[in-house]
Amino acid sequence: MTDPAPDPAPGSASAPPADRSALVVIDMINTYDHDDAELLLPASRAVVPAIVDLLDRARAAGVPVIYANDNFGEWRSHHGELVDTALSGPHADLVEPLRPDAESLFVVKARHSIFYETPLSYLLWELGVGHIVLCGQVTEQCVLYSALDAHIRHLRTTVPHDAVAAIHPELADAALEMMRRNMGARIAAASEVTFKDQG
C-alpha cells in the first residue's frame, strides 16, 4: 500500500484558484469578562448591526463565513462550548445575532492574529480564498495584527471601518490608516462591501 500523495503547496499549479472571498468574524463570541471590557462594550454594541448585515449578505452569496475566536484559556473547550458560554453570559444580546449557523467554519485562536498557530492559512487555500473581509474586535489589536499576517500571505484584505470595534478610538484610527497604507487593505463602509455570488 502506497502512501497518499501530499497535498499540493499553496501557489502550486494544482492548488485551487484563489479568487474567492471569505468573511472572517474575529472574537465576537465573547463573554466580555476581561480587562478593558467596559471600554470595548459600547463599540461592540455599535458594530453588531453592520456585522449582521455582512453575515446575511455573505451567506446569501455562498461566501464562506469563518469565525476566528479566542478560547479564553479554556483549552478543553470546543467552539460549541465557547458559543454556549457566551450566550449564557450577561452580554448574550451581543452574541445572539452573530451566532454561527450550521454552515459556518470556526477557528480557535490563542493569540492576537487569526493566523498564529491556527489552520486558517491552509483552510483559506483549500477553499480557494484570495480575499478576506475582516470584521469584529479589537481594531487596534487582533484586527490589525490579522491584517498584517494576511498581507504577508499575499491575501487581499478589506476592513469595513464600521464593522470593527475598538477600545481606544484614536489608536483604532491609526490602525486603520496603517492597514490601508502599509498593508494595502481596502478600508470601506460595510455597506460598500460586495460579495460576488459563490453559491
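The values are calculated or read from the model by the stated rules, or taken from the named source; none is laboratory data. This is a predicted model, so every value here is computed, not measured. Backbone-built Cβ (ideal geometry, glycine too); neighbour counts: all protein chains shown. Calculation scope for accessible area: heavy atoms of the full protein, side chains included, ligands and nucleic acids excluded. Shrake-Rupley method; radii C 1.70, N 1.55, O 1.52, S 1.80 Å.
So here's what we get for this one:
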{"quantity": "Pair list, Cβ < 6 Å and 6+ apart or interchain, from the stretch 154-181 residues that are within 21 Å of residue 131 (Cα to Cα) to residues that are open to solvent by 70 Å² or more (accessible area, probe 1.4 Å) and not in a loop (DSSP other than H, G, I, E, B)", "calculated": "158/186; 176/161"}
{"quantity": "In the stretch 162-199, the residues that are under 17 Å from residue 58 (Cα atoms) and either assigned to a helix (DSSP H, G or I) or of a type in the set (A, V, I, L, M) (or both)", "calculated": "162, 163, 164, 188, 189, 190, 191, 192, 193"}
{"quantity": "Selection count where residues are out of contact with any Ser or Thr (no Cβ under 9 Å at 6 or more places or on another chain) and surrounded by fewer than 21 Cβ atoms within 10 Å (Cβ to Cβ), scope the stretch 174-191", "calculated": "8"}
{"quantity": "Residue selected from the stretch 100-159 under the condition touching a Lys or Arg at 6+ places or on another chain (Cβ under 9 Å), over 25 Å from residue 60 (Cβ atoms) and polar (S, T, N, Q), by the criterion most open to solvent (accessible area, probe 1.4 Å)", "calculated": "121"}
{"quantity": "Selection count, the stretch 22-46, where residues are open to solvent by 20 Å² or more (accessible area, probe 1.4 Å) and either at pLDDT 90 or above or aromatic (Phe, Trp, Tyr) (or both)", "calculated": "6"}
{"quantity": "Subset of the stretch 101-150 (residues that are more than 18 Å from residue 175 (Cα to Cα), small (Gly, Ala, Ser) and touching a residue at least 12 places away in the same chain (Cβ under 8 Å))", "calculated": "104, 110, 121, 128, 130"}
{"quantity": "Matching residues in the stretch 125-179 - criterion: being touching a Phe, Trp or Tyr at 6+ places or on another chain (Cβ under 9 Å) and of a type in the set (A, V, I, L, M)", "calculated": "133, 150, 152"}
